[in-house]
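The next block holds one structure in the form of structure tokens; read it before the comments.
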Amino acid sequence: MIEFKLPGMSCGHCVGAVTQACKEVDANATVQIDLATKQVKVESTADSQSFTKALTEAGYPPVSSAAGSLSR
Ligand SMILES: [Cu+2]
């Protein structure tokens, strides 16, 4: 399970675009998106870097929710 936080998501269209980007990395991936928390969970055998790259190219750069000291 790979988890991302995508602050750029704001509506159903974004959810579709993010899902599409993930499916292009791995067509068999299971993508769960919670729009309220901007949280994306991906069940896939592909590595997280591939998803990070694809999501960034799709216009939704993931931020690390694991890093406790994110400066902004
Ligand atoms: Cu949108």
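The values are calculated or read from the model by the stated rules, or taken from the named source; none is laboratory data. Note that the structure is predicted; figures quoted are calculated from it, not measured. With ideal geometry, Cβ positions are generated from the backbone for all residues, glycine too; neighbour counts draw on all protein chains shown. The protein model used for the area step is the full one, side chains on, heavy atoms only, and it has no ligands, DNA or RNA in it. Shrake-Rupley method; radii C 1.70, N 1.55, O 1.52, S 1.80 Å.
Residues of the stretch 19-34 that are within 16 Å of the ligand (Cβ to nearest atom) and either more than 11 Å from the chain's Cα centre (by Cα) or within 14 Å of Phe51 (Cβ to Cβ) (or both): Thr19, Gln20, Ala21, Cys22, Val31, Ile33.
Scanning the stretch 28-58 for residues that are surrounded by 13 or more Cβ atoms within 10 Å (Cβ to Cβ) and small (Gly, Ala, Ser) returns Ala29, Ser44, Ala46, Ser48, Ser50, Ala54, Ala58.
On inspection, Gly16 does not qualify as part of a loop (DSSP other than H, G, I, E, B) and either modelled with pLDDT of 95 or more or within 16 Å of the ligand (Cβ to nearest atom) (or both). Specify the residue that is farthest from the ligand (Cβ to nearest atom); the eligible residues are those in the stretch 2-13 that are more than 8 Å from the chain's Cα centre (by Cα) and open to solvent by 40 Å² or more (accessible area, probe 1.4 Å). So, considering only residues that are more than 8 Å from the chain's Cα centre (by Cα) and open to solvent by 40 Å² or more (accessible area, probe 1.4 Å), the one farthest from the ligand (Cβ to nearest atom) is Pro7.
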